[in-house]
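Note sheet for the following structure.
The values are calculated or read from the model by the stated rules, or taken from the named source; none is laboratory data. Owing to the predicted nature of the structure, the values given are computational and were not obtained by experimental measurement. Reconstructed Cβ throughout: ideal geometry from the backbone, glycine too, with neighbour counts over all protein chains shown. Side chains are part of the model used for accessible areas, which takes the heavy atoms of the whole protein and leaves out ligands, DNA and RNA. Shrake-Rupley method; radii C 1.70, N 1.55, O 1.52, S 1.80 Å.
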Amino acid sequence: MTLSHKSIFILPTGFGLAWLLLLLMLFLLGTNYQNNLVMGLSFLLLSIFNTCILYCYRNLAGLTLSRAKTTANTFADQTCYIAVHIASKRSSYEVKLNFSKQPTEIAKKVIGQPQPALLNVLHPRRGLLKPGRVKVESRYPLGLCRAWSYVDLDIEHVIFATPIQTNNSLAISSQDPSGVEDTGRLVTGVDEFSGLKDYVKGESLKQVAWKQVAQGRGMLTKEFQQPQGTPLWLTLDTSSADLELSLSKLAWQTEQLSSKQQIFGLKLGANSIEPAKGEVHRIAVQTQIALYPNSQRVINHE
């Protein structure tokens, strides 16, 4: 979205009002005493003020803001950094950006090439964060005037539940009597291709990667893995009266299993996520936990 004269507001700052009061007093003083030097000084201050109005407006006019892809994971009670791309047809200076009631980010110089600006959002709760419109402000060049505008980039970001450590296995259900420490881990098997390794004499020729041999990469053997034990499922502790605490423990278990590369699924209310592993699966599970019980649990900061 590009700012134009229709969306930019401008008013004098407190310093600007004092400046106007000073030049008015000088003008009255010069008129009463017929002092041309004092009157000339008042006209000079007025011309500087008018020039600042134009420069302050031009500093925001033509400024383009767009939403950038945010991949960072944020948990509740942590600062969320939302990236916004900002560019300008002409050079702009000291451009302030912030969401409502949130810390301000200052772009010292904005040029034609889009550059990222990270806006902070403080939030205490899990859910779908909608920080609202971005406020763009400038007091360039002398601070006599303040120009500002609001830009709605339709930003949404999922805030995960705060992980709380638990020593109980109450949220984990598995039919494997060997326990949950190894259940879901990948061990050598035949199901999933995991990579190539150097051929060891005596290994089956069926596992030799003949395509790589034809490419001149030497004798390599295909490795396969399969999950150990029965599928591991995370479920919500329905016996607890504190829903947020139960979800936080579920979030902690998700992080633990993901860090150990264990395969697990999630059953939460009427929804479920099939057992899998990896970063995409971890984010899907944490998102489901963050939005429980509603798929649109919104945190609105406006």
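Structure summary
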read-out	value
Pairs where the first residue, in segment 242-269, is of a type in the set (Phe, Trp, Tyr) and the second is open to solvent by 60 Å² or more (accessible area, probe 1.4 Å), C-beta under 8 Å, 6+ apart	Trp252/Ile164; Trp252/Gln165; Phe264/Pro231; Phe264/Lys277
Of all residues in segment 1-23 being open to solvent by 80 Å² or more (accessible area, probe 1.4 Å) and out of contact with any Gly (no Cβ under 7 Å at 6 or more places or on another chain), the one that is nearest to Ser88 (Cα to Cα)	Met1
Filter pass, Gln215 being of a type in the set (S, T, N, Q) and more than 30 Å from Thr70 (Cα to Cα)	yes
Cβ-Cβ under 7 Å pairs, at least 6 apart or on other chains, segment 24-45 side open to solvent by 70 Å² or more (accessible area, probe 1.4 Å), far side not small (Gly, Ala, Ser)	Phe27/Met39; Leu29/Val38; Leu41/Leu26
Within segment 228-259, considering residues that are part of a strand (DSSP E or B) and more than 13 Å from Ala161 (Cβ to Cβ), the one least open to solvent (accessible area, probe 1.4 Å)	Leu232
The one condition in (1) open to solvent by less than 40 Å² (accessible area, probe 1.4 Å); (2) assigned to a strand (DSSP E or B); (3) over 15 Å from Phe160 (Cβ atoms) that Gln262 fails to fulfil	(2)
Check on Cys80, open to solvent by less than 60 Å² (accessible area, probe 1.4 Å) and farther than 30 Å from Ala251 by Cβ	no
Residue match in segment 93-105 (condition: among the small types (Gly, Ala, Ser), without any contact (Cβ under 8 Å) to a residue 60 or more places away in the chain and open to solvent by less than 50 Å² (accessible area, probe 1.4 Å))	no
Check on Val136, of a type in the set (Val, Ile, Thr) and under 24 Å from His5 (Cβ atoms)	yes
Some residue of segment 192-213 being modelled with pLDDT under 85, within 30 Å of Leu250 (Cβ to Cβ), of a type in the set (Asp, Glu) and not in a strand (DSSP E or B)	no
Matching residues in segment 63-75 - criterion: being open to solvent by less than 10 Å² (accessible area, probe 1.4 Å) and within 16 Å of Pro131 (Cβ to Cβ)	Leu65, Thr74
Segment 27-52: number of residues that are part of a helix (DSSP H, G or I) and over 21 Å from Gly143 (Cα atoms)	11
Qualifying residue in segment 56-68 (condition: free of Cβ contacts under 8 Å to residues at least 60 places away in the same chain and in contact with a His (Cβ under 6 Å, 6 or more places away or on another chain))	yes
